[in-house]
Amino acid sequence: MSALQDAASPGYLDRAPSQLRRRRFQLGDNAAFYVLIAPATVLLLTFYLYPLLQVFWISFTEPKPGFGNYALLLSPSVTRVALTTLRICVITTVITVVLAYLVAYCWVHAGPRAQRVMLLGIILPLWVSALVRAFAWITLLRRDGLINSALAGAGLIDAPLPLLWNEFGVVVGLVHYMLPYGILPLAASLRSIDGSLMLAARGLGATRGQTFSMVYLPLSIPGIVASAILVFIFSLGFYITPALLGGGRSMMITEYISIQIIEVLRWGLGTTLAVTLVMIIALLLAVVSRVLDLRKLFGAK
Amino acid sequence: MNFTHAVRDVFDRPVRRLASAGQPALAGAISVENLTKTYGNAVAIRDVSLAIGSGQFVTLLGPSGSGKTTVLMSIAGFVSPTAGEIRLNGEPINHLPPDRREFGMVFQGYALFPHLTVAQNVAFPLRVRHRPRTEIEDSVRRALEMVQLERFADRLPRQLSGGQQQRAALARALVFEPSVVLLDEPLSALDKNLRHDLQAELKDLHSRVGLTFIYVTHDQQEALAMSDEIAILSEGRLVQMGTPETLYERPATRFVAGFLGQSNFISGTVEQARRDAFAYRAGATLLSQSGGPQQRDGDSVTVTIRPEKIRILTEAETADNRLESRIASFSYHGGHYHLQVDVEHVGRIVLDAPTWRREAPSIGQSITIGWDEDASVVVAS
Ligand SMILES: Nc1ncnc2c1ncn2[C@@H]1O[C@H](COP(=O)(O)OP(=O)(O)OP(=O)(O)O)[C@@H](O)[C@H]1O
Ligand SMILES: [Mg+2]
């Protein structure tokens, strides 16, 4: 805190020689400091914390005060949705991390020019809205979509494959959306692996395969974990893609929440599920941060 | 308690076992023939040829960028030469990948695996060779004993001091009893005192295990103190190879003389060339020099002389070459005075005077210096 104040104060730049003068300066600076950070704080409190607290409040008061909503968490319909969500998220995470590892590996070990091109390829999708991408997948995957008509045209299938409005479609869309988030932390971690260790392994008699499995892979575990956490958490809370590609059949928790609130107006249950989701994610992060240094994992210095 | 002695005592037992456990004396003769490596237009090394006998401690010495690492990495198999042949015991090994060459390696910065304990690091070369578990445990214990790291077996590399990491890397390189060990500046990251201790340990270890060591350094003192032979590289070329004594006493070129310790260089024109000696003139001063049937009158020569070979002469003392000089500056180094003196026609000369007979030297003082004709050497410039 005090370092922050010092850095923010003009007194830091023209260090006043006299103690007295410095002290007076600092008092003034303190006020200026709080004035400067006030707008951001107010913004966060009103638009982020306040609604969150309200959601929390509603979950205990609608339709009547108490823990009634939380008891509903164990009802068959909710558990079914929860299990579907968990299954889809785990599958998505596993596939995404495997693909991300391959991409990150190639990216990190490519030449400088290829790296620049690949960077563009990796972050470009981030600039395309999830909505647009979901519709693009619908065009590709639907009964008379590009893939099915191509396969049928080639005589490989008689009936169209069920690629959309099911878990398969959701996973495809989610994996596509999550890939950049999987690749970036992984690449950062792979890049930090000291290349001379691989030379050392080869020099000491390890084959390429042994070098990868005994040195490179173990050293990339922190990156794999970071990537997996990020992807898992993002996919837990993701709404648009599963809603569009699942077609209401393989429903995930976020879509279920939205239905409770917008369509059937069971605000109590909707907010309860939202609060539970936030809690689970917070718990997940807390547990993981005990084991791993999250800030370092995601590239903070 | 004397550290080095303690080390020697511990070294004694396990190393002998290591040697006797191995097959009959492992041959590890390396020859490098006309090795060249270019990167695009840049030449890293050009036409380097070395013959390294089994059991030798050979040092590659040279300034930064002279190609030491390139030569070592070519031998190790990490750099594929543009031209030239590398042989192990007469067999060409150019086509073998690094892991099939069976050399022990100590990298600059050690390259210990950070996720493995010291014992696991040392076990690595044996695990990748699929040695049986009991044998691995045995060999690792012996190797750790050899470098005195038994107590640190379960630590991670980052929990070790620099010197301990260096020893762990050494144990890892030796544990599978390779016939050749390659070391790239293994001591450069350590502070001076530790360096000194480890130089002695390393040399000691080498003489006990009897393996071929190929050692890279840019520290001339280290090279002089440890090597059986030194190969001096400059700008990608091998300039001279020989025992430390030869290189120091009989440098072939001005570069070698200047790089290995300090040297004075005197240029002149040959006169009175005889069969086993000649005189050369620098300005108005005529100096004599032994050796050199190849010199003819009128040739220009460069002669080099080490600071410690120049004596300060009294009236009564004689020397083949006698010069009047004036002290330009001096410094005291405990064991000797280091003097810079000016000599007419010859220029600035540096010399080390082991003792100072009369009062302390003073700037501007006139002294007579001299050396015998076989104390200096003719070098190619
Ligand atoms: N991969 C490379 N690409 C281009 N040039 C290289 C490469 N590796 C080495 N060189 C060049 O080859 C020359 C010799 O390099 P090398 O690393 O062998 O020197 P060195 O004697 O080990 O130096 P140092 O003491 O600094 O380690 C240098 O001029 C270097 O720039
Ligand atoms: Mg080098």
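When B:Gln221 is tested against the conditions (1) open to solvent by 30 Å² or more (accessible area, probe 1.4 Å); (2) within 16 Å of ligand 1 (Cβ to nearest atom); (3) within 22 Å of B:Gly347 (Cβ to Cβ), the lone failure is (3).
For the residues B:Leu144, B:Leu96, B:Leu112, B:Leu116, the requirement of being closer than 19 Å to B:Glu177 by Cβ and within 13 Å of chain A (Cβ to nearest Cβ) singles out B:Leu96. The single residue among B:Ile86, B:Ile52 that is closer than 27 Å to B:Gln199 by Cβ and away from every other protein chain (no Cβ under 11 Å) turns out to be B:Ile52. Per the listing A:Gly145, A:Gly203, the residue uniquely over 30 Å from B:Asn121 (Cα atoms), touching a Pro at 6+ places or on another chain (Cβ under 9 Å) and without any contact (Cβ under 8 Å) to a residue 40 or more places away in the chain is A:Gly145. Screening B:Phe255, B:Phe213 for residues that are closer than 27 Å to B:Val48 by Cβ and touching a residue at least 40 places away in the same chain (Cβ under 8 Å) leaves exactly one candidate, B:Phe213. Evaluation of B:Arg275 against the conditions (1) crowded, with 19+ Cβ neighbours inside 10 Å; (2) modelled with pLDDT under 90 shows that the sole unmet condition is (1).
Every test in (1) within 16 Å of ligand 1 (Cβ to nearest atom); (2) surrounded by fewer than 22 Cβ atoms within 10 Å (Cβ to Cβ); (3) among the polar types (S, T, N, Q) is passed by B:Ser54 save one, and that test is (1).
Only one entry of B:Val118, B:Val122, B:Val106 meets the criterion of being within 16 Å of ligand 1 (Cβ to nearest atom), of a type outside the set (Lys, Arg) and either surrounded by 17 or more Cβ atoms within 10 Å (Cβ to Cβ) or not assigned by TED's automatic domain parsing to the domain that holds B:Ser188 (or both), and that entry is B:Val106.
Restricting attention to region B:165-199, the residues being closer than 14 Å to B:Tyr215 by Cβ and away from chain A (no Cβ under 12 Å) number 9.
When the test is whether a residue is more than 16 Å from ligand 2 (Cβ to nearest atom) and assigned to a loop (DSSP other than H, G, I, E, B), B:Gly55 passes it. Among the criteria (1) assigned to a helix (DSSP H, G or I); (2) out of contact with any strand residue (DSSP E or B) (no Cβ under 9 Å at 6 or more places or on another chain), the one B:Leu170 does not fulfil is (2). With respect to (1) within 14 Å of chain A (Cβ to nearest Cβ); (2) within 12 Å of ligand 2 (Cβ to nearest atom), the lone exception for B:Ala76 is condition (2).
Need a quick list: helices (runs of 4 or more DSSP H) entirely within region A:136-253 having at least 2 residues that are of a type in the set (Ser, Thr, Tyr) and either within 12 Å of chain B (Cβ to nearest Cβ) or open to solvent by less than 40 Å² (accessible area, probe 1.4 Å) (or both).
Working: elements: A:146-153, A:167-191, A:195-203, A:208-211, A:217-236, A:240-246.
Answer list for region A:136-253: A:217-236.
Taken together, the residues in region B:240-265 that are open to solvent by less than 10 Å² (accessible area, probe 1.4 Å) and either part of a helix (DSSP H, G or I) or under 15 Å from B:Leu60 (Cβ atoms) (or both) amount to 5.
Screening B:Ile305, B:Ile312 for residues that are more than 30 Å from B:Arg237 (Cα to Cα), touching a residue at least 24 places away in the same chain (Cβ under 8 Å), touching a Phe, Trp or Tyr at 6+ places or on another chain (Cβ under 9 Å) and open to solvent by less than 50 Å² (accessible area, probe 1.4 Å) leaves exactly one candidate, B:Ile312. Within region B:58-79, if we keep just the residues that are more than 12 Å from ligand 1 (Cβ to nearest atom) and part of a strand (DSSP E or B), the residue that is surrounded by the fewest Cβ atoms within 10 Å (Cβ to Cβ) turns out to be B:Val58.
The set of residues in region B:80-94 being away from ligand 1 (no atom under 16 Å from the Cβ) and either assigned to a loop (DSSP other than H, G, I, E, B) or of a type in the set (Lys, Arg) (or both) consists of B:Arg87, B:Asn89, B:Gly90, B:Ile93, B:Asn94.
Candidates are the residues of region B:323-381 that are outside any strand (DSSP E or B) and among the β-branched types (Val, Ile, Thr); the one that is most open to solvent (accessible area, probe 1.4 Å) is B:Ile363.
Counting only residues that are within 16 Å of ligand 2 (Cβ to nearest atom) and surrounded by fewer than 17 Cβ atoms within 10 Å (Cβ to Cβ), which one in region B:28-42 is nearest to the other protein chains (Cβ to nearest Cβ)? Full working, then the answer.
If we filter region B:28-42 for residues that are within 16 Å of ligand 2 (Cβ to nearest atom), which is where we start, we get B:35, B:37, B:39, B:42.
Right, trim to surrounded by fewer than 17 Cβ atoms within 10 Å (Cβ to Cβ) and you get B:39, B:42.
Working: B:Tyr39: 15, B:Ala42: 18 Å.
The residue in question is B:Tyr39.
The values are calculated or read from the model by the stated rules, or taken from the named source; none is laboratory data. Not measured: the values here are computed from a predicted model. FYI the Cβ positions are ideal-geometry reconstructions off the backbone, even for glycines, and counts take in every protein chain you see. These accessible areas exclude ligands, DNA and RNA; they are computed on the full protein's heavy atoms, side chains included. Shrake-Rupley method; radii C 1.70, N 1.55, O 1.52, S 1.80 Å.
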